[in-house]
Each structure stands twice: as structure tokens, then as C-alpha cells.
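Here the structure comes first, spelled out in C-alpha cells, and everything after it is commentary.
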Amino acid sequence: MRRVISLVLAGVLGSAVAKADTVLIADKDGDVLLVFDTAAMKVVRTIPVGGNPHEVVATRDGRLAFTANSLSNTVSVVDLALGKEIKRLASPLFAFPHGMAIHPDGKTLYLTSERNQLLHLLDLTSLELKGQVKTGMEGS
């Protein structure tokens with residue numbers, strides 16, 4: 001069986017945890033976040049997350065990573081130093097969560113909902129959903 005992975009984020013520069021030689025990979029088939037060391041050219045950590053992770057982003061300091069888990073309609077919060085999921089956010093409004101980005105100020109994670117035409121705003125301090133914006137577009 002061919003393993004499908006989605007490479008979605010190159011390493012975070014200047015980080016104490018996710019180093020410049022680290023690549024975070026969302027493994028859709030394995031329901032895991034892979035931590036790949038480019039110097040060693042191998043996966044150094046496998047972290048279970050929600051079903052069918054499609055995207056991954058990391059905080060600027062490299063301490064936390066987030067995966068948008070399309071099959072389970074959740075977002076996993078991963079502590080990269082601990083190497084484990086520390087929280088799983090769920091909402092009936094997520095409806096196939098997909099694209100993600102962190103605002104340059106590091107305070108908000110933006111998450112698209114492909115089936116609900118929404119852009120969700122997640123507070124990165126409280127790790128809670130703080131609102132939505134309607135996009136009015138299919139497959140947002």
C-alpha cells in the first residue's frame with residue numbers, strides 16, 4: 001500500500017524546538033504528524049493526531065504545531081517539545097477543516113472550513129475558538 005503524506009511546512013527558523021533542519025509532515029493515511037530531520041534525512045518522531053490531517057502550521061517559536069484533521073473535523077494542538085497532542089479542538093462548525101495560517105502577530109490561527117464556507121479564528125493564547133467569518137464561497 002502506498003502511503004500518502006502531505007508535506008506542508010518547512011522548518012521554523014530560530015526555534016528552540018522545531019529547528020531550521022526540521023520539516024513537519026501531515027501523514028493523512030497514518031493520522032500522525034511526522035517530524036523529519038533534514039540533516040539526518042529521517043523521521044525522528046511520530047505524533048498521533050486526529051483523523052486525516054491535511055495541513056500543519058507551527059508557531060513562530062516552534063513550540064506548538066496545529067493540524068487540520070479533515071476526517072475527524074478537529075484541530076490537533078501538538079506540543080513539539082513533549083512530542084504529543086495536548087489538546088484536540090472540535091466544533092460542529094469545522095466541517096472539513098483544511099487550510100490554516102497563523103497571523104504574523106502570533107495571536108490568531110486562521111482555519112478554513114470547506115463545507116461551511118467559514119474562516120475560523122482560534123486564539124493561540126487560550127487555544128479556543130474565538131469566532132468565524134463567513135466567506136460565502138464553496139470550498140473555502
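Given a 1.4 angstrom probe, what's the average accessible area per residue across the chain, in square angstrom?
52
Which percent of the accessible heavy-atom area of the stretch 88-140 goes to carbon and sulfur, probe 1.4 angstrom?
Exposed carbon and sulfur together represent 55 percent of the surface.
Can you pull the percent of Cα pairs in the stretch 15-140 with separation above 19 Å?
Taking all Cα-Cα pairs of the stretch 15-140, the fraction more than 19 Å apart is 44 percent.
What does the charge count near Pro53 come to, summing +1 for each Lys or Arg and -1 for each Asp or Glu among other residues with Cβ under 9 Å from its Cβ?
Taking every other residue near Pro53 into account, the sum is -2.
Would you mind checking which residues have amide H under 5 Å from Leu80's amide H? H placed 1.01 Å from N; only 5 or more apart, or other chain.
Counting only residues 5 or more places away or on other chains, the set is Leu64, Ala65.
Report the charge-dipole magnitude of the chain in Debye, nearest 20, computed about the Cα centre from +1 at each Lys and Arg Cβ and -1 at each Asp and Glu Cβ.
The dipole of the chain has a size of about 120 debye.
The values are calculated or read from the model by the stated rules, or taken from the named source; none is laboratory data. Everything numeric here is computed off the predicted structure, so don't read it as measured data. Every residue, glycine among them, receives a Cβ derived from its backbone with ideal geometry; neighbour counts consider all protein chains shown. Ligands, DNA and RNA are stripped out before the accessible areas are found, and what is left, the full protein with its side chains, is counted by its heavy atoms. Shrake-Rupley method; radii C 1.70, N 1.55, O 1.52, S 1.80 Å.
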